[in-house]
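Peer 1: I'd like to ask you about the structure that follows.
The values are calculated or read from the model by the stated rules, or taken from the named source; none is laboratory data. For clarity, every value in this text was computed on a predicted model and none was experimentally measured. In this analysis, Cβ positions are derived from the backbone assuming ideal geometry, glycine residues included, and neighbour counts consider all displayed protein chains.
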Amino acid sequence: MKASVTNRGAVLLGKNVVCDAFEENKPLRVVTHAHADHMMGLQRSLKTSEKVLMTKATKDMIDVMRSPLFLMGGPVQTLDYGKTIQYEEERITFFKADHILGAAQVLVEDPEGKRIVFTGDFRIQDTPVLYSDILVIEATYGSPYCRRSFGIDVKNSLISMVEKGLKHGTVYVFGYHGKLQEIMQILHKANVKAPFIAPEKVFQVSKVCERHGMNLGRLMLSMEREARELLERNSPCIAFYHMESLKKVGLDSFRICVSGWEFDSAIRQTGDKEYIVALSDHSDFNGLLEYVRRSKPEFVITDNFRVSNAEPLAREIRRRYGIPAVALPKR
Ligand SMILES: [Zn+2]
């Protein structure tokens, strides 16, 4: 087989490329983006691969999310979208994936002219669909229960929810790296006037996003005096925290969690002053199928390592399009 997903979550493409987890005897390791479930075994890959490929933005993200020492000394090579590198008889090209800053889809063209594509994580809206012969596709929302009907309203709902919260004082927004910065951009663009505050890691990731062209507005570090005072007095401002701080900060304040795992409505109330907003950086079930339809593959592998929705997605691809499809690894 020209592609596979191993029991350790490594996505194998062609002869030489492994994406998003460690695999022995593959000279080229690709990191599609800086989320933890796509950086597995990276230290081992840095020691044993000939090259570790990622976009410049992904490298910058890893430098701040881990440490600048993390990648140092490894054979890291950054590759821009649309640029091709040749390795032996294969050609490797990255294309944009609309997910978080720096996210890439990977195309491997083999000597027989087969196009082997891995989407990585993506949202269909702003992701170019690549023609493929063999397609490996993410399956986070690969179940028919994962369909969103509300689309564009989410952004407006988020903005009005934040504005409502600011009337009570500080609004805490919880999300993952990349998503938090997307929210800052949405609020900044909507002219929401309250100061933005973030702890150090979120702040540093935001600076990387700004360096790569995102427009986030003015952001204060949470340990600065001015920011500390705003938070202590529960003054109107917006504090952006990683999901892991959910149970640690802003417990008595107005809180908004941003999560993709919501399908019935754009907003759901979960407490007295607590809401979930359904802003996702992944395609829903329909978006995944749309990618497959437009990509026109002859064979599809759904990523069954990172989530458990790969089987129903493979089944629907076979049923709807008559394209052979398997969920890998087998569970
Ligand atoms: Zn991701």
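Peer 1: Give Q86, Q125 a once-over and let me know the one that is modelled with pLDDT of 95 or more, not hydroxyl-bearing (S, T, Y) and not in a loop (DSSP other than H, G, I, E, B).
Peer 2: Q86
Peer 1: Of everything in segment 33-49, what is part of a helix (DSSP H, G or I) and in contact (Cβ under 8 Å) with a residue 40 or more places away in the chain? Give them in sequence order. Break it down into steps so the answer makes sense when it comes.
Peer 2: Kept after step one, since they are part of a helix (DSSP H, G or I), are these residues of segment 33-49: 36-38, 42-48.
Once the filter is applied, which keeps residues that are part of a helix (DSSP H, G or I) and in contact (Cβ under 8 Å) with a residue 40 or more places away in the chain, segment 33-49 yields D37, H38.
Peer 1: Here's a follow-up. Select from segment 274-331 the residues that are hydroxyl-bearing (S, T, Y) and either under 18 Å from the mean Cα position of the chain (by Cα) or in a loop (DSSP other than H, G, I, E, B) (or both) and write down the one among them that is surrounded by the most Cβ atoms within 10 Å (Cβ to Cβ).
Peer 2: First, the residues of segment 274-331 that are hydroxyl-bearing (S, T, Y): 275, 280, 283, 291, 295, 302, 308, 321.
From the residues that got through so far, the ones that are either under 18 Å from the mean Cα position of the chain (by Cα) or in a loop (DSSP other than H, G, I, E, B) (or both) too are 280, 283, 291, 302, 308.
Numbers: S280: 22, S283: 29, Y291: 24, T302: 27, S308: 14.
Here the answer is S283.
Peer 1: If you don't mind, there's one more thing I want to ask. Let me confirm something: among K96, K114, which residue is closer than 19 Å to R294 by Cβ, within 15 Å of the ligand (Cβ to nearest atom) and touching an Asp or Glu at 6+ places or on another chain (Cβ under 9 Å)?
Peer 2: Checking each option against the conditions leaves just K96.
Peer 1: Among the residues of segment 278-301, how many are more than 16 Å from the ligand (Cβ to nearest atom) and either modelled with pLDDT of 95 or more or closer than 30 Å to L13 by Cβ (or both)?
Peer 2: Selection size over segment 278-301: 14.
Peer 1: Another question about this same structure. Scan segment 169-182 for residues that are within 16 Å of the ligand (Cβ to nearest atom) and in contact with a helix residue (DSSP H, G or I) (Cβ under 7 Å, 6 or more places away or on another chain) and jot them down.
Peer 2: G175, Y176, H177, L180, Q181
Peer 1: Right, next: Give the residues of segment 151-204 that are part of a loop (DSSP other than H, G, I, E, B), touching a residue at least 40 places away in the same chain (Cβ under 8 Å) and of a type outside the set (S, T, N, Q), sorted by residue number.
Peer 2: Correct list: K167, H168, G169, Y176, H177, G178, V192, A194, P195, P199.
Okay, residues lined up against (1) under 20 Å from S259 (Cα atoms); (2) crowded, with 20+ Cβ neighbours inside 10 Å; (3) not polar (S, T, N, Q):
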site: Y141; (1), (2), (3): yes, yes, yes
site: S157; (1), (2), (3): yes, no, no
site: V173; (1), (2), (3): yes, yes, yes
site: M184; (1), (2), (3): yes, yes, yes
site: L187; (1), (2), (3): yes, yes, yes
site: K201; (1), (2), (3): yes, no, yes
site: Q204; (1), (2), (3): no, no, no
site: V208; (1), (2), (3): no, yes, yes
site: H212; (1), (2), (3): no, no, yes
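Peer 1: Continuing with this model, one more query. Would a scan of segment 154-174 turn up a residue that is closer than 27 Å to Y81 by Cβ and among the small types (G, A, S)?
Peer 2: No.
Peer 1: Here is a follow-up. State yes or no: is D37 within 14 Å of the ligand (Cβ to nearest atom) and surrounded by fewer than 21 Cβ atoms within 10 Å (Cβ to Cβ)?
Peer 2: yes
Peer 1: Further question on the same structure: If you go through segment 257-270 one residue at a time, do you hit one that is β-branched (V, I, T), assigned to a loop (DSSP other than H, G, I, E, B) and modelled with pLDDT under 95? Steps first, please.
Peer 2: Start the filter on segment 257-270 by keeping residues that are β-branched (V, I, T), which leaves 258, 267, 270.
When the remaining residues are screened for being assigned to a loop (DSSP other than H, G, I, E, B), the result is none.
No - not one qualifying residue is present in segment 257-270.
Peer 1: Here's another thing I want to ask about it. So which residues in segment 159-197 are under 12 Å from H242 (Cα atoms) and either of a type in the set (K, R) or within 20 Å of the chain's Cα centre (by Cα) (or both)?
Peer 2: The answer is V173, F174, G175, Y176, H177, G178, K179, L180, Q181.
Peer 1: Right, here's the next one. Out of the residues in segment 222-247 that are of a type outside the set (S, T, Y) and under 24 Å from the mean Cα position of the chain (by Cα), state the one that is nearest to E182 (Cα to Cα).
Peer 2: Ranking the qualifying residues of segment 222-247, first place goes to F240.
Peer 1: Does D80 meet the test of being of a type in the set (D, E) and either within 16 Å of the ligand (Cβ to nearest atom) or closer than 30 Å to W261 by Cα (or both)?
Peer 2: Against the criterion (of a type in the set (D, E) and either within 16 Å of the ligand (Cβ to nearest atom) or closer than 30 Å to W261 by Cα (or both)), D80 does not qualify.
Peer 1: Out of V52, V64, I need the residue that is in contact with a Lys or Arg (Cβ under 9 Å, 6 or more places away or on another chain), closer than 23 Å to H177 by Cα and either part of a strand (DSSP E or B) or within 16 Å of the ligand (Cβ to nearest atom) (or both). Which one?
Peer 2: Among V52, V64, only V52 is in contact with a Lys or Arg (Cβ under 9 Å, 6 or more places away or on another chain), closer than 23 Å to H177 by Cα and either part of a strand (DSSP E or B) or within 16 Å of the ligand (Cβ to nearest atom) (or both).
Peer 1: Out of F240, F263, report the one residue that is under 29 Å from V205 (Cα atoms), buried (at least 22 other Cβ atoms within 10 Å of the Cβ) and not charged (D, E, K, R).
Peer 2: F240
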